[in-house]
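Peer 1: Take this structure first; my questions come after.
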Amino acid sequence: MGVFCSVVDKARDEPSEGKTHAQLHPRPPRRLLKMPRIERPSTRSQQRWRAALTPREFDDTAAYDKARGDLLSTEADRAFDAEATLFSTKTEQEAAALVRKIRDYDWFETYGRSHDAQGHPTGKRVERGEHFLGNVDTIDKTELIRVARRMPKGAHLHIHFNSCLPAKFLIQQARDIDAMYIRSTIPLTTQENFAKSRISFMVMTKHEATHPRNTAGDKAYHPLGNVWEEDYICNTWMPYKDFQRHFKFVEENGHELEGTSGAEAWLERKMIISEEEAHGTHQTGHGIWERFNYRTQMMKGLFAYESAFRNYTRACIKDFVKDNIQYAEIRPNFMSTNSLKTDDGENSIGNAGIMKIIDEELQATMKQIRESGDYFGGMKVIYCTPRSFHKEQIQTALDECIDLKKKYKTLLCGFDLVGHEEMGNELRHFVPEFLEFRKNCRAQNLDIPFLFHCGETLDVGTKVDGNLFDAVLLNAKRIGHGYGIARHPLLMEIFKERKIAIESCPISNEVLGLTPTIAGHHLPILLANDVPCTINSDNATFYRSSLSHDFYQVMIGADSMSLYGWKQLAMWSLEHSCMEPEQLADVTEEWTRRWQDFCEWIIEEYGPKLAKWEPATDSN
């Protein structure tokens, strides 16, 4: 584990009403204290468990019980959160005990058994045995999600920039854009068609809308369409303002959605993946990815014009602050076909312009946050491009990544390939290009680590699974998802030794078919093997989630997870970020102070509330 700050305790007896964050928490002179270390799995721990098992037979229960205790304590010493537990303060210990009690409280007061002793349905949902998409409304009523939202999360290292905020944000942004067009794969003339239709958006001129390219690359005139007419030609464009004006949809319960508000409500629902879509009886891994890709295509046009992109960038940073995230690394997509349009549709803004906008909005929003007395430690950009690209396209992307890094030295922080891993090119396909990229970076003294998506699969021994080995050989700093690594003991050892962190995305992994529920997720296996992991939300827009929800899922997914585990995961996120040393020290100091405040808040808020609470007697 890296070095983390210890912040001097500050007096808390002054009245706080009306004071800003900065006034309430003046930053002391930085004093970085090295956290003591305990011995990690070593000769000492090996000796302990070997000694415990020396007798092949036990003559009495006392000797047996001692050997059992030695085995359990040895494993506890090797736990990923052993240091956080060993060096915990009295406040942390009290808060950790309360968090366990909060879990119990939620189980008895909000969840419960799905069937009674006679096998009759109770109408209740259970925590770990249910899907997140079906449980999210219940989760939002729990005390533990309230605690998770309050938790300082450190660094958010794996989030696709076009799917951070709730879907309604971008949908509402498009409301007044004259150059916004919409199209559908089928006419919206029946309830069945409303359900089956695939919707997409684009900002463009009327000429572009009426002169789309055909498969040969030629442009021919096609009049604008009307999705409400039976003879609508699929995928012909319609002005979005006309779509809003004439929108009308009658739901199964008879409720009518009309006009702009009705259109936006229906589109928002189309953007979110449902429990039935993800976990239906006949759903497959490829099937849910197809549904997921449709959402990304639907989102693309809503995101791809200047005012929406600027507003989204500001709102996203503020949302990080709201979710108690101290630092973030975002993944926008960079490709020639993904450029932004000006709001009138007349001009395009290329990848360099996208970086310029992010930089401008980051600086302006950071200034606002500081002036309000709140805190955000910064944000960086990971250059992402599709893994489905050809070699020449990847070479162009790598060259552009270097050019942008030279212009935005502290903003751009890494390179990644994105897209469905089982359908795209494996890393090995681009090894010559990657090796040349590394050589060029060394020659120009540029630090652009690989932060590859890989191992997001249940396959073992395939070319997809082999991406994990290529990532190691290509000296990746972190791995996105890395779900398959739990099946490779050697790779787990290498990841530990070389300090390659996993960007784990529990909710996304569940929705996209890698595990049926959080109880089956691989994270406890990685943590039991002390592989460094971070917690991330991936594509929160489509799941109605936030990073707080992913931390919630981690806590209820395994009985062994505790407040100390949350702490270690947050500290790992800081340690394995791409922050420069000075920035890391500043963010870590702030996180440390917030963690102390967080533990005190748990005690103040839940100590009295749960002091006399006991679970009701289970008559079943």
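FYI, it's all coordinate maths here, none of it is from the lab. None of these values were measured; they are calculated from a predicted model. Heads up, the Cβs are rebuilt from the backbone with ideal geometry, glycines too, and the neighbour counts pull from every protein chain shown.
Peer 1: If R₀ is 51 angstrom, what is the calculated FRET efficiency for the pair Ile494 and Glu268, using the beta carbon separation as r and rounding to 0.05? Intermediate values should be presented prior to the final figure.
Peer 2: Working: r = 44 Å, r/R0 = 0.85.
Calculated value: 0.70.
Peer 1: Could you state the number of Å between the C-alpha centres of segment 512-528 and segment 167-188?
Peer 2: 36 Å
Peer 1: Normalised by the residues of segment 342-495, what does the relative contact order come to in percent, with Cα pairs under 8 Å and at least six apart? Walk me through the numbers before you get to the answer.
Peer 2: On the way: 179 pairs, mean separation 27.8, N = 154.
Here the relative contact order equals 18 percent.
Peer 1: Taking neighbour counts of Cβ atoms within 10 Å as a proxy for exposure, in what order, fewest first, do Leu86, Leu404 appear? Could you put the intermediate results ahead of the total?
Peer 2: On the way: Leu86 14, Leu404 21.
Least crowded to most crowded, the residues run Leu86, Leu404.
Peer 1: Longer than 27 Å from Cα to Cα, which of Lys248/Lys270; Lys219/Lys270; Lys463/Lys499 are they? Say none if no pair is. Can you show the working numbers first?
Peer 2: Numbers: Lys248/Lys270 15 Å; Lys219/Lys270 30 Å; Lys463/Lys499 24 Å.
Cα-Cα > 27 Å for Lys219/Lys270; rest within.
Peer 1: Over all alpha-carbon pairs in segment 283-332, figure out the percentage whose distance exceeds 14 Å.
Peer 2: Working: 813 of 1225 pairs.
Percentage above 14 Å: 66.
Peer 1: So, one more: Sequence gap at least 6, Cα distance under 8 Å: using those rules, report the relative contact order of segment 178-271 to the nearest whole percent.
Peer 2: The normalised contact order for segment 178-271 reaches 28 percent.
Peer 1: For the chain, rounded, prolate or oblate, judged on the Cα gyration tensor with a ≥ b ≥ c (square roots of eigenvalues), a/c < 1.5 rounded, else prolate if a/b > b/c? Mind showing how you got there, number by number?
Peer 2: On the way: a/c = 1.61, a/b = 1.43, b/c = 1.13.
It comes out prolate by the Cα gyration axes.
Peer 1: Taking the Cβ-Cβ separation of Asn235 and Lys124 as r and a Förster radius of 41 Å, what is the calculated FRET efficiency to the nearest 0.05? It would help to have the intermediate numbers written out before the result.
Peer 2: Numbers: r = 45 Å, r/R0 = 1.09.
Step by step, r from the Cβ atoms, then E = 0.35.
Peer 1: What are the equivalent ellipsoid semi-axes of segment 56-144, built from the alpha-carbon gyration tensor (square roots of five times its eigenvalues), in whole angstrom, biggest first? Don't jump to the answer; show the numbers that get you there.
Peer 2: Working: eigenvalues 253, 101, 28 Å².
Semi-axes from the Cα gyration tensor: 36, 22, 12 Å.
Peer 1: Treat every Asp and Glu Cβ in segment 555-595 as -1 and every Lys and Arg Cβ as +1, leave all other atoms uncharged, and give the resulting dipole magnitude about the Cα centre to the nearest 20 debye. Don't skip to the end; give the middle numbers.
Peer 2: Working: 3 positive and 7 negative charges, 50 e Å.
About 240 debye.
Peer 1: How many nm separate the modelled label positions at Asp374 and Asp597, each set 7 Å beyond the Cα in the direction of the Cβ?
Peer 2: Placing both labels 7 Å along Cα→Cβ, they lie 1.2 nm apart.
Peer 1: Let me ask something else. Would you mind computing the Rg to Rh ratio of segment 501-620 from its alpha-carbon coordinates, Kirkwood style for Rh?
Peer 2: Working: Rg = 16.8 Å, Rh = 16.4 Å.
Over the Cα atoms of segment 501-620, Rg/Rh equals 1.02.
Peer 1: Relative to the longest principal axis of the C-alpha atoms of the chain, give the angle of the C-alpha long axis of helix 489-498, reported between 0 and 90° and rounded to the nearest 10°.
Peer 2: Taking the Cα atoms of the chain, the angle to 489-498 is about 90 degrees.
Peer 1: Here's another thing I want to ask about it. Could you pull out which residues in segment 408-431 have an amide N less than 11 Å from a spot 7 Å beyond the Cα of Arg438, following the Cα-Cβ vector?
Peer 2: The answer is 431.
Peer 1: Any chance you could give the angle, 0 to 90 degrees and rounded to 10, that helix 547-557 forms with the longest Cα principal axis of the chain?
Peer 2: On a 0 to 90 degree scale, this one is about 50.
Peer 1: Grab every C-alpha pair in segment 188-337, bin the distances at 10 angstrom width from 0 up to the longest one, and report whole percents.
Peer 2: Computed distribution, short to long bins: 8, 29, 35, 22, 5, 0.
Peer 1: Taking a cut-off of 18 Å, what percent of all Cα-Cα pairs in segment 178-271 are separated by more than that? Spell out each step's value before the answer.
Peer 2: Details: 1943 of 4371 pairs.
Cα-Cα pairs of segment 178-271 separated by over 18 Å account for 44 percent.
Peer 1: So what is the orientation-averaged projected area of segment 577-620, using the convex hull of its C-alpha atoms, in nm²? Spell out each step's value before the answer.
Peer 2: Numbers: hull surface 22.1 nm².
Result: a mean projected hull area of 5.5 nm².
Peer 1: Let me ask something else about it. Taking the number of other C-beta atoms within 10 Å as the exposure measure, put Leu468, Leu224, Leu526 in order starting with the fewest. Please report the intermediate quantities before stating the final value.
Peer 2: Numbers: Leu468 25, Leu224 14, Leu526 22.
Going from least to most buried by this count: Leu224, Leu526, Leu468.
Peer 1: Multiply the residue separation of Lys391 and Lys322 by 0.36 nm, subtract the distance between their alpha-carbon atoms, and state the gained length in nm to one decimal. Could the numbers behind the result be given before it?
Peer 2: Numbers: separation 69, 0.36 × 69 = 24.84 nm, distance 4.08 nm.
The Lys391-Lys322 span can extend by a further 20.8 nm.
Peer 1: Another question, then. To the nearest Å, what is the center-to-center distance of segment 337-408 and segment 69-144, using C-alpha atoms only?
Peer 2: The two parts, judged by their Cα centres, are 40 Å apart.
Peer 1: How high is the relative contact order of the chain, in percent, counting Cα pairs under 8 Å that sit 6 or more residues apart? List each step's numbers first, then the result.
Peer 2: Details: 956 pairs, mean separation 120.5, N = 620.
For the chain, the relative contact order is 19 percent.
Peer 1: Choose one of Ser573, Asn135, Val250: the residue whose Cα lies farthest towards the positive end of the charge dipole of the chain (beta-carbon charges +1 Lys, Arg; -1 Asp, Glu; about the Cα centre).
Peer 2: Ser573
Peer 1: Further, regarding this structure: Among Ser348, Ser504, what is the fewest-to-most ranking by other Cβ atoms within 10 Å? Before the final figure, lay out each step's value.
Peer 2: On the way: Ser348 12, Ser504 28.
Result, fewest neighbours first: Ser348, Ser504.
Peer 1: While we're looking at this one, here's another question. Nearest 0.05, what FRET efficiency do Thr342 and Glu605 give at R0 = 56 Å with Cβ-Cβ as r? Mind dumping the intermediate values first?
Peer 2: On the way: r = 49 Å, r/R0 = 0.87.
It comes out at approximately 0.70.
Peer 1: Moving on. Round to the nearest 10 and give me the degree value, 0 to 90, for the angle of helix 563-575's Cα axis relative to the longest principal axis of the chain.
Peer 2: Approximately 60 degrees, to the nearest ten.
Peer 1: Moving on. Give the cross-link partners of Lys367 among the aspartates and glutamates, using a straight C-alpha distance below 14 Å as the criterion and excluding same-chain residues fewer than 8 apart.
Peer 2: Of all the aspartates and glutamates, those that pass the test against Lys367 - Cα under 14 Å, at least 8 places apart if same chain - are Asp359.
Peer 1: Please sort by residue number the chymotrypsin sites (Phe, Trp or Tyr not before Pro) in segment 67-138 whose DSSP state is loop and whose Cβ has at most 14 other Cβ atoms within 10 Å. Could the numbers behind the result be given before it?
Peer 2: Working: sites: Phe80, Phe87, Tyr105, Trp107, Phe108, Tyr111, Phe132; in loops: Phe80, Phe87, Tyr111.
Counting only loop positions with at most 14 other Cβ atoms within 10 Å, the chymotrypsin sites (Phe, Trp or Tyr not before Pro) in segment 67-138 are Phe87.
Peer 1: Hey, got the dipole for segment 178-271? About the Cα centre, +1 on K and R Cβ, -1 on D and E Cβ, debye to the nearest 20?
Peer 2: Numbers: 11 positive and 14 negative charges, 82 e Å.
That gives segment 178-271 a dipole magnitude of about 400 debye.
Peer 1: Sort out for me the Cα centre separation of segment 545-574 from segment 220-239, rounded to whole Å.
Peer 2: Each part reduced to its Cα centre gives a spacing of 48 Å.
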